[in-house]
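The values are calculated or read from the model by the stated rules, or taken from the named source; none is laboratory data. For clarity, every value in this text was computed on a predicted model and none was experimentally measured. Cβ coordinates were reconstructed from backbone atoms using ideal geometry, including for glycine residues, and neighbour counts include every protein chain displayed.
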Amino acid sequence: MLPRRLRHGEEATLVEHLGELRTRLIICLVALAVAFAVTFAFHGHILDWLNRPLPDRFQRPVTFSPIEPFTTSVWVSLYAALLLALPIIFWQVWSFLAPAFEEHNQRSMAAMVAFAAVLGVGGVAFGYFVILPPAIHFLTSYDSSHFTILIRARDYYKFATFVLLGVAIAFEVPVFVLGLVRLRILTAAKLRSTWRFGVFAMTVVGVILPGVDPVSTILSVIPLVSLYLLSIALASFLEPRWRSDTEPAPLPE
């Protein structure tokens, strides 16, 4: 039976809170286990999908121990299962924390979580189709006349996961900025007046992302700067509405 989400201001004992937390943790673990069963059953397709950005001569990464093929497949399946189960995990975390927020804040946070999910998916897709192929091509071609280059499966899948995760997190910039505006730590006016500093910060983030070649670095910087400017526009649009929601209604004369 799914736990009931408390309403804002509804009182509950410590035992009830701990029981709800335990139930939600169990739901998260069950969701992860089910997702792992699915991803491990299709781990061959996942490995093929991750291998596609590799140059033709590296289509099958090498392993160096008898157990490495099995452990690598397990870890890749676990990473994919965590990604697959994230919506359920986030929903359980949000359902546990939601009673601490007022109703209008809950609606704003739910919309922000949905926005974050869309940006995360977009970040993974951008990292896979735009960042990863040129980065892999540059790294596997660098000084190839001086080295016999082999790609170890364990190291490559960790690198690919790091690239995709890093780009997905970087794509959450608008959510982070809007969250600070929603909490009144930043204002839209402050963002507009310091937009040059923000663009510089996004450029630095794009440079330190795993794609080390100039092409993928430029391709990282352009969407990050665009997303930051989009977050300024969204903050300017949403901030007056958020403030009007929190202002008390005028007293009748």
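Can you name the condition, by its number, that Ala235 falls short on among (1) of a type in the set (Gly, Ala, Ser); (2) under 22 Å from the mean Cα position of the chain (by Cα); (3) modelled with pLDDT of 85 or more; (4) outside any helix (DSSP H, G or I)?
For Ala235, the exception is condition (4).
Can Ala100 be described as loosely packed, with under 13 Cβ neighbours inside 10 Å, within 19 Å of the chain's Cα centre (by Cα), at pLDDT below 90 and more than 30 Å from Ala153 (Cα to Cα)? Lay out the reasoning, then the answer.
Values: loosely packed, with under 13 Cβ neighbours inside 10 Å: yes; within 19 Å of the chain's Cα centre (by Cα): no; at pLDDT below 90: yes; more than 30 Å from Ala153 (Cα to Cα): yes.
Taking the combined requirement at face value, the residue does not satisfy it.
Just checking, does the range 201-224 include any residue being buried (at least 20 other Cβ atoms within 10 Å of the Cβ), farther than 20 Å from Phe126 by Cβ and hydrophobic (A, V, I, L, M, F, W, C)?
no
Conditions tested, residue by residue: (1) at pLDDT 95 or above; (2) out of contact with any Asp or Glu (no Cβ under 8 Å at 6 or more places or on another chain); (3) not charged (D, E, K, R).
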position: His17; (1), (2), (3): no, yes, yes
position: Arg22; (1), (2), (3): no, yes, no
position: Ile26; (1), (2), (3): no, yes, yes
position: Phe40; (1), (2), (3): yes, yes, yes
position: Arg52; (1), (2), (3): no, yes, no
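Pull up the range 142-164, narrow it to residues that are free of Cβ contacts under 8 Å to residues at least 40 places away in the same chain and assigned to a helix (DSSP H, G or I), then point me to the one that is nearest to Trp195 (Cα to Cα).
Lys158
Quick one: Val207 ticks every box in (1) at pLDDT below 85; (2) out of contact with any Phe, Trp or Tyr (no Cβ under 8 Å at 6 or more places or on another chain); (3) not in a helix (DSSP H, G or I) bar one, so which box is it?
The one condition Val207 does not meet is (3).
Restricted to the range 165-204, and to residues that are part of a loop (DSSP other than H, G, I, E, B) and among the charged types (D, E, K, R), which residue is nearest to Ala114 (Cα to Cα)?
Across the range 165-204, the extreme among qualifying residues is Glu172.
Just one of (1) crowded, with 16+ Cβ neighbours inside 10 Å; (2) at pLDDT below 90 trips up Ile169, so point out which.
(1)
For the structure I just gave you, tell me whether Leu32 is closer than 25 Å to Val175 by Cβ, crowded, with 18+ Cβ neighbours inside 10 Å and either modelled with pLDDT of 85 or more or within 22 Å of the chain's Cα centre (by Cα) (or both).
Numbers: closer than 25 Å to Val175 by Cβ: yes; crowded, with 18+ Cβ neighbours inside 10 Å: yes; either modelled with pLDDT of 85 or more or within 22 Å of the chain's Cα centre (by Cα) (or both): yes.
Here the answer is yes, as Leu32 does meet what is asked.
Could you tell me whether the range 66-82 includes any residue that is exposed (fewer than 11 other Cβ atoms within 10 Å of the Cβ), in a loop (DSSP other than H, G, I, E, B) and modelled with pLDDT of 90 or more?
Yes, the range 66-82 contains at least one residue that is exposed (fewer than 11 other Cβ atoms within 10 Å of the Cβ), in a loop (DSSP other than H, G, I, E, B) and modelled with pLDDT of 90 or more.
Does at least one position in the range 152-161 carry a residue that is surrounded by 14 or more Cβ atoms within 10 Å (Cβ to Cβ), touching a strand residue (DSSP E or B) at 6+ places or on another chain (Cβ under 9 Å), over 30 Å from Val204 (Cβ atoms) and of a type in the set (A, V, I, L, M)?
Step one: of the range 152-161, the residues surrounded by 14 or more Cβ atoms within 10 Å (Cβ to Cβ) are 152-154, 156-161.
Pick out the ones that are also touching a strand residue (DSSP E or B) at 6+ places or on another chain (Cβ under 9 Å) and you get 152-153.
Now restrict to residues that are over 30 Å from Val204 (Cβ atoms): 152-153.
From what is left, the residues that are of a type in the set (A, V, I, L, M) are 153.
Scanning the range 152-161, I find at least one residue that is surrounded by 14 or more Cβ atoms within 10 Å (Cβ to Cβ), touching a strand residue (DSSP E or B) at 6+ places or on another chain (Cβ under 9 Å), over 30 Å from Val204 (Cβ atoms) and of a type in the set (A, V, I, L, M), so the answer is yes.
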